[in-house]
1. How about the range B:370-394: which of its residues are touching a helix residue (DSSP H, G or I) at 6+ places or on another chain (Cβ under 8 Å), touching a residue at least 60 places away in the same chain (Cβ under 8 Å) and not in a loop (DSSP other than H, G, I, E, B)?
2. Among residues belonging to the range B:324-344 that are assigned to a helix (DSSP H, G or I) and out of contact with any strand residue (DSSP E or B) (no Cβ under 6 Å at 6 or more places or on another chain), point out the one that is nearest to the other protein chains (Cβ to nearest Cβ).
3. For residue B:47, work out the one condition from (1) in contact with a helix residue (DSSP H, G or I) (Cβ under 6 Å, 6 or more places away or on another chain); (2) over 25 Å from residue B:105 (Cβ atoms) it doesn't fulfil.
4. If a residue has to be buried (at least 21 other Cβ atoms within 10 Å of the Cβ) and assigned to a helix (DSSP H, G or I) to count, how many in the range B:21-30 make the cut?
5. Please find, within the range B:329-350, the residue that is surrounded by the fewest Cβ atoms within 10 Å (Cβ to Cβ) out of those that are free of Cβ contacts under 8 Å to residues at least 40 places away in the same chain and more than 18 Å from residue B:298 (Cβ to Cβ).
6. Pull up the range B:351-367, narrow it to residues that are under 20 Å from residue B:247 (Cβ atoms) and at the interface with chain A (Cβ under 7 Å from one of its Cβ atoms), then point me to the one that is surrounded by the fewest Cβ atoms within 10 Å (Cβ to Cβ).
7. Which is away from chain A (no Cβ under 13 Å), surrounded by 21 or more Cβ atoms within 10 Å (Cβ to Cβ) and either touching a helix residue (DSSP H, G or I) at 6+ places or on another chain (Cβ under 8 Å) or farther than 22 Å from residue A:81 by Cα (or both), of B:99, B:135?
8. Which helices (runs of 4 or more DSSP H) sit wholly inside the range A:11-107 and have at least 1 residues that are over 17 Å from residue B:59 (Cα atoms), in contact with a helix residue (DSSP H, G or I) (Cβ under 6 Å, 6 or more places away or on another chain) and modelled with pLDDT of 95 or more?
């Protein structure tokens, strides 16, 4: 095993640890947005597909690369849009409703 | 120099992604965090375009345009009720990208004559996991979209058959590592992984879909990790690890909430006649007491504390708007209304929260199971809407019940209970529910949406 691979395993371990810590703290309230978000972020696989599509390694590589770019880009665009759309729906209760509640409860 | 610049951009992107995940722990910071992540993504993509291996940009442009045009409706137009199948479809897209990159890199390496065993292992895992995620997710999508029947599709000897196929897949991976230039073996491996995906999801029933969708999320992440190893790219390893872990954490949470082990979901025969019979003997017995919408509304209109317990039935009837309207009417009269959300109330993790948030319920009214369970004792009326197994006290009291041990909402502790139910039948697991025959429970039979509308009308008049 060469040193690059070894470093990659270190990266994997640390990312896994940090990820576990952060993700465990996300409340069930936001689990659907979390899934949409990881979907969007996983579109970073574009870093691989872009290179394959643009490197002119023969028609097969170009076709496969273009398919990959299309799929990943659809996830990036769709994923970030839908996550934002969902998160925009989560609103806190406004103050005056609480005031009204207290007033009527007194009767 | 250029390479350093690209790597620094990836470093920034990875940092922003982690910040976004941290921000997702609170609803008020989540949106801002995701905008930072989107910026990080833009930086990462822009930096990749500088890569020295990229010679021409025309196909990149074509792919990006098609992808963006396809992604827009996926982000803007898909209704929230269709979220589970939308996410399953996205897993398929992500995994397809990983799989074709794997195949492409394999042929590149083949023609260049540089396929080291480490490289082949990484590519093999990428294609194996990617392929099964593609077809598995598409099968899940078809089931959730009701293109395929949602019930489990099984045949005799299915588990043995699946394991054999899987063994062939692993064997061909090992063969390929020993003999990297054998294209036929690579083809077999791809075919096997595509087949396994379908076989894995076909036997899984509609109610278990939350676990499967999370699990496929996890596989998609692992495929990304393998891609990162294959092309020596750290950001893919990081993002793949986050994706894989998030899917894994969610599937464990879902399994726990359904009182199932992983293997039980994947190879299980829950709800089979034998299991259902064992739990079919109700411990208490007794009659369900029906109530009219008018009386039920009167009780709620004068209750200081109401907890609404939405279940799968509410999502099926698409009655979340009516539930919110009813809650507003009760609050206007001075009552305090909360929604008690069981982790598996919807069709995917957190789905019910999104549906109610869309209907306009403020998120501080949406209370997770652990927090609301302490509050049922001081609740005057608990309104159960289309929920059954998740409120069944047998999970706590009857060791013989198949759902014994499953975490449930302690609705039975409320001072009184009104349950909206379509008919008198048992829940998904086929288990009788003692809550419905409890003396303090009143049953309002009928379609959830119609019942909620009637309740709203009566509360207004009360």
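The values are calculated or read from the model by the stated rules, or taken from the named source; none is laboratory data. Every value quoted in this text rests on a predicted model; they were computed, and no experiment measured them. Because the Cβ atoms are built from the backbone with ideal geometry, glycine has one as well, and the counts that use them run over all protein chains shown.
1. Across the range B:370-394, the qualifying residues are B:376, B:381, B:382, B:383, B:384, B:385, B:391, B:394.
2. Filtering first and then ranking leaves B:332.
3. (2)
4. Counting residues in the range B:21-30 that are buried (at least 21 other Cβ atoms within 10 Å of the Cβ) and assigned to a helix (DSSP H, G or I) gives 4.
5. Restricting to residues being free of Cβ contacts under 8 Å to residues at least 40 places away in the same chain and more than 18 Å from residue B:298 (Cβ to Cβ), the top hit is B:338.
6. Filtering the range B:351-367 for residues that are under 20 Å from residue B:247 (Cβ atoms) and at the interface with chain A (Cβ under 7 Å from one of its Cβ atoms), the one surrounded by the fewest Cβ atoms within 10 Å (Cβ to Cβ) comes out as B:351.
7. B:135
8. A:31-41, A:59-89
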